[in-house]
Every structure is written in structure tokens, then in C-alpha cells.
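What follows is a short report on a single structure.
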Amino acid sequence: METFDSFALTLPIMALTVSAVFMVLWRFGLKAALFWGLGFGCSGLGFLTSLPLASDEVMAMAGDMLFVFGFLSYGQALLTHFGATYALRYRLLLIGLYFAVDVYLVFGLADLRSELLLNDLVAALLLGLPLTAVVQQAFTPADRLVVAAASLVVIETLGRVIAINYLVGDNDDLAAFGESVYAVVIQITGGCFGVLLAAAAFGSMVMRVMLNYRRAAEIDPLTGLYNRRGLDQALRPAQGREAWSGVIVVTDIDHFKQVNDRFGHAAGDRVIAAFALEIRTSIPAGAVAARLGGEEFVICIPNAGLAEAGVLAHGIRLRFAGRDWRQFGIDRQITASFGVAKMQAENDNLQAALDRADQCLYEAKGAGRNMVVVEGGVFETGEAMIADLQAALTALKSAGG
């Protein structure tokens with residue numbers, strides 16, 4: 001038994017070390033890391049209860065509660081990581097009922113078999129129930145690995161329930177726990193599956209951090225739209241397909257410097273954010289919108305024609321021009337101008353189409369602003385053509401959705 005006595009000390013050290021690592025990650029703003037840390041911390045302390053530090057009843061009760069709260073923390077870590085919910089009050093109610101029965105089994109009956117059976121069942125539920133709430137949200141390989149590792153822990157725990165009679169043996173007194181097959185099995189499987197779960201959780205969190213940093217590098221923080229780098233990344237797969245074609249719409253807010261100078265930069269930021277929201281809620285599925293800088297934006301609409309894109313631009317222009325800004329302390333109308341250009345599949349690229357759309361935008365500015373200029377020198381004010389082409393825009397949105 002000396003080997004397993006040493007292993008019994010190794011497991012808590014491993015688990016508590018893992019717990020400390022997750023606590024460090026939590027300090028960097030990773031919320032799920034707190035619950036992973038608590039889970040592995042409770043498990044590490046729970047393994048220590050196999051040592052004869054107090055009476056058999058006290059150590060059994062302490063170990064049961066530590067493992068149960070450890071599994072509660074694992075489940076909460078999954079929910080937090082995936083942004084899912086599963087009512088905490090039900091899980092706490094389950095723990096309360098478990099505690100009452102466990103006290104009776106340990107201090108009243110000293111029944112090792114029933115105590116271990118109850119503990120494993122409740123632990124499996126505390127991890128398995130949250131697992132059902134997140135399994136459909138594991139989209140990345142790292143997240144699927146976490147779900148798989150947690151599933152294996154649940155299966156392993158339920159496996160002990162099925163084999164409880166063999167694992168405990170004939171002597172089911174609490175004092176017999178240290179000499180039981182169960183003690184050996186839980187040390188081995190607990191160590192192996194614990195390492196797997198810890199590695200999967202850590203890897204998934206690292207991947208999530210990397211994705212968040214990538215997103216921060218590609219998303220404009222004020223508007224939530226892509227920045228130029230994000231636009232390039234979003235269109236890169238499409239640009240690699242020879243058959244891709246679509247329309248580029250470049251737009252900016254008219255006389256925006258006057259808004260900043262007269263009403264302040266805070267008000268200007270609200271105007272930019274409102275314009276971005278108008279763009280985001282107007283474009284069809286599959287379209288990509290980005291803020292190129294300052295008050296300039298671009299919309300890339302695949303598989304569209306100039307007419308449909310012109311209707312879309314006119315709709316955004318009219319709604320934006322009709323907004324009431326007095327709630328932001330702005331007592332004037334604010335408008336935007338638009339340039340629309342077709343991106344061809346052959347002998348064309350994004351920058352060339354952007355340049356042509358920019359030229360159309362300059363023409364709109366030179367012609368008086370608050371208008372849409374479509375490639376080819378067609379000037380449209382929008383009011384006359386909106387009714388005729390609104391059906392085309394609706395069809396475009398439906399096709400995209």
C-alpha cells in the first residue's frame with residue numbers, strides 16, 4: 001500500500017497546483033477559471049481526506065462534501081465558459097438533500113457502500129446536468145474536447161456506481177475504505193481523468209483568449225463593425241473564389257468635423273455608433289460592414305447588383321437623415337453620402353472596387369452631399385426610385401437569409 005499512499009499525496013498536490021494555475025488565469029479576467037480553480041481545489045483537498053487525519057466519520061463527511069462542491073464548481077465552470085445557464089437553486093437544493101442523507105449514512109449507519117453510492121450519483125448529476133446545457137454550444141475543437149473530457153468524467157463516476165458492490169467488497173464499514181478496491185480505483189481514475197479534464201479546460205480557455213485577442217484586433221470597439229484588418233480577413237475566403245462578385249458601398253457622414261467641433265467628441269462618437277447600428281441592421285445576411293476610420297464606412301454585398309445596393313444605400317441615407325438627435329444634445333440634421341461600385345469576378349480586386357466606390361462618394365460630396373452616386377455616373381436622390389426597387393432589396397435580403 002506504500003505506493004498508493006504516495007499516490008494519495010501526489011493527487012492532492014497535482015490538483016492544488018492546477019487549481020493555483022486556474023486562479024492565476026482568473027486574475028486575468030477569465031471568469032470560468034475561478035470555477036475550474038475551485039473545482040480542482042476542492043478535489044485536491046478531497047483526496048487528502050483519505051489520510052488518517054481525524055476519525056473515519058469526520059474524514060468521510062469532509063471528503064464527500066469537498067468532492068460534491070468540486071463537481072458543482074466543474075459544472076458551473078462549463079456553464080460560465082459557454083455562456084449557458086442551468087438554475088443554480090436546483091443544484092443547491094440537490095446538495096442540501098444530499099447533505100442531510102449523507103450525514104445519516106455516515107454518522108448514523110456508518111454504511112460505506114451507501115455513502116459512496118450516494119456521493120457518486122450526486123457528483124455525476126452536478127456535472128452531468130450543466131453538461132446537457134452546453135453540449136450543443138461546443139463549436140470549436142477545443143470546446144468539444146472539454147465537453148468530451150467532462151462526459152468521460154461523468155461516465156467514469158457512473159461506472160463506479162454500477163460496480164459499487166465489487167469495488168467496496170464484503171466489508172462496507174467506513175474504516176474499510178482505505179483498504180478497498182474503490183480507494184485504489186478512485187485514485188487512479190481520478191488522477192487520469194482529472195489531468196485530462198484540466199488539460200482540456202486549460203486548452204479551451206487559452207484558445208478562447210486567443211480568439212478574443214484576434215477579435216479585438218479585427219473589430220472596431222466603438223461600432224462593433226470590422227476594422228480594415230477585419231474586413232480583409234472576412235473577405236479573404238470570398239476573394240479566393242473565382243466566381244465571387246458583388247457590390248462595394250463606401251459612405252461617410254457629411255460635415256462630421258463640424259459635429260465634433262460644435263457638440264463635442266462624445267456626441268460625435270454617439271453619431272458614429274448610431275450610423276454603424278443603422279448599417280448593421282440594414283444589410284442582408286452574408287454582407288460585411290466595416291469602419292475604415294473616422295466617419296468612413298464600407299459595406300460589401302456579395303452576389304448583388306448596383307440597383308439593389310443603391311436601394312440599400314438610399315434606405316440607410318433616408319433613415320439616418322430623418323433621425324432626431326436632440327437626446328444627444330445635437331440640434332441639427334446629420335446626413336451621409338454614399339458611393340456604390342460593382343466588384344467584378346474577373347480582373348478585379350477589393351482595393352480597385354473600393355477606389356471606384358470612393359470616387360463615386362467624392363462625386364456625391366461634390367454634388368451637394370446627402371445622396372447616393374452609383375458607378376457609371378448615375379446620380380440618384382433616391383425618393384423616386386425607392387418604391388420601385390424596394391421589392392428588389394427585400395428579395396436580396398430573403399436570398400441572403
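A short reminder: the numbers here are calculations on the coordinates, not readings from a lab. Everything quoted here is computed from the prediction, not taken from an experiment. Note that each Cβ is placed from the backbone with ideal geometry, even for glycine, and that neighbours are counted across all protein chains shown.
Worth pointing out:
- Unit charges at the beta carbon, dipole of the stretch 2-218: most positive-side option, 166, 67, 36: 36
- Label assignment, P(r) over Cα pairs in 10 Å bins from 0, in percent derived from the structure, set (1) 5, 19, 20, 13, 12, 12, 11, 7, 2, 0; (2) 5, 21, 31, 25, 14, 4, 0; (3) 4, 16, 20, 19, 15, 10, 7, 5, 2, 1, 0: (1)
- Under-29-angstrom lysine pairs by C-alpha in the chain, whenever the two are 8 or more apart or on separate chains: 4
- Fully extended contour minus Cα-Cα distance, from residue 280 to residue 158, at 0.36 nm per residue: 39.1 nm
- The stretch between residue 214 and residue 170 holds 10.0 nm of extra length on full extension. This uses 0.36 nm per residue minus the Cα-Cα distance.
- DSSP bridge orientation in the chain - percent antiparallel, rounded to nearest 5: 85 percent
- Fully extended contour minus Cα-Cα distance, from residue 333 to residue 53, at 0.36 nm per residue: 93.1 nm
- Placing one equal scatterer on every Cα of the stretch 120-234 and applying the Debye formula, the log10 ratio I(q)/I(0) at q = 0.09, 0.14 Å⁻¹ is -0.41, -0.72.
- Annotation: the residues 86, 182, 74, 166, sorted from fewest to most other C-beta atoms within 10 Å of their own C-beta, follow the order 166, 86, 182, 74.
- For the stretch 122-168, alpha-carbon Rg over 2.2 N^0.38 Å: 1.32
- Hydrodynamic analysis of the stretch 2-218 uses the Kirkwood radius over alpha carbon pairs. Inserted into Stokes-Einstein at 10 °C and 1.306 mPa s, it gives a translational diffusion coefficient of 90 µm²/s.
- Remark: 115, 375, 57 ranked as 57, 375, 115, counting other beta-carbon atoms within 10 Å and listing the fewest first.
- The chain: calculated mean residue ellipticity at 222 nm from DSSP helix runs of at least 4, using -39500 (n - 2.57): -22500 deg cm²/dmol
- Taking Cα atoms only, the orientation of helix 141-162 departs from the longest principal axis of the chain by about 20 degrees.
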